Amino acid sequence: MALNYGNGENVWMHPPVHRILGWYSRPSNFDLKRNVWRLNQISQIIDNGIYVKGDPAISDLETLNRFPTLIEANLININGFKIGVIADFLFEMKTGKIKYYLVSRANPRIPGSSRWKLNIDNINDQQPGLVFCQSNSLDDLSLIKSSIKNEFLQKGKKIVNKLDDMKNIASNRLEDWLEEDEDVNQNLDFKQNSFYNNERKKSSFSDNKEDDPWI
């Protein structure tokens, strides 16, 4: 018979090497104690459920809050400004090694919010509650999961860019048409001037012919 030990609340890790050591769960909403699990107690993970082997250690929230973790730590950019919050991570179950972190723009508890990928080699330093990275903004990171709001903004940017491209194409075509029209007008003026010069030359030749005493 499977026992339900409650929902997982948080993990404890060794931040300097980005390795998960374990996690703790809350038996019920009205229980002040917490069940603490080691990573090697995981039997299997199916969907959102974790199957464990053995019994948990019992602790309290005040003690567990002193455990090191980077979850919900503020992400600080290269200029010293906050650009997001560490929301989650992907790790190897056998070793506990974190492959990369997932970053939220604001509160990671908001359902359906976007997630950006933060690679380990992008991290300069970490302190309790703070993670320092080499990037300047979330746009420098890979988007893993897009929220409805973010998708709407991205589609809006694409539409604006397409409109700008259409305006540029129309403007270039108008400039080409005006240049062609100017060239045509210049050619007409040249032909007209040439016609008048030829007429003038012909009339001058006939006049000279009448005045020539040898003819």
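Summary table below
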{"item": "Filter result for VAL85 (touching a residue at least 12 places away in the same chain (Cβ under 8 Å) and outside the structural domain of PHE132 (by TED's automatic domain parsing))", "result": "no"}
{"item": "Residue tally, condition among the aromatic types (Phe, Trp, Tyr) and not in a strand (DSSP E or B), over the range 1-31", "result": "2"}
{"item": "Matching strands (runs of 3 or more DSSP E) fully within the range 32-114 where at least 2 residues are within 17 Å of the chain's Cα centre (by Cα)", "result": "74-76, 82-91, 98-104"}
{"item": "Residues located in the range 50-73, provided they are over 15 Å from GLY22 (Cβ atoms) and surrounded by 14 or more Cβ atoms within 10 Å (Cβ to Cβ)", "result": "GLU72, ALA73"}
{"item": "Criterion: not aliphatic (A, V, I, L, M) and not assigned by TED's automatic domain parsing to the domain that holds PHE132 - qualifying residue of THR95, THR69", "result": "THR69"}
{"item": "Residues within the range 115-132 that are modelled with pLDDT under 90 and under 19 Å from the mean Cα position of the chain (by Cα), tallied", "result": "0"}
{"item": "Leading residue by the ranking (modelled with the lowest pLDDT) among those in the range 76-90 that are under 20 Å from TRP12 (Cβ atoms), aliphatic (A, V, I, L, M) and buried (at least 17 other Cβ atoms within 10 Å of the Cβ)", "result": "ALA87"}
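The values are calculated or read from the model by the stated rules, or taken from the named source; none is laboratory data. Computed from a predicted structure; not experimentally measured. When we count neighbours, we look across all protein chains shown, and the Cβ atoms used for this are built from the backbone with ideal geometry, even at glycine.
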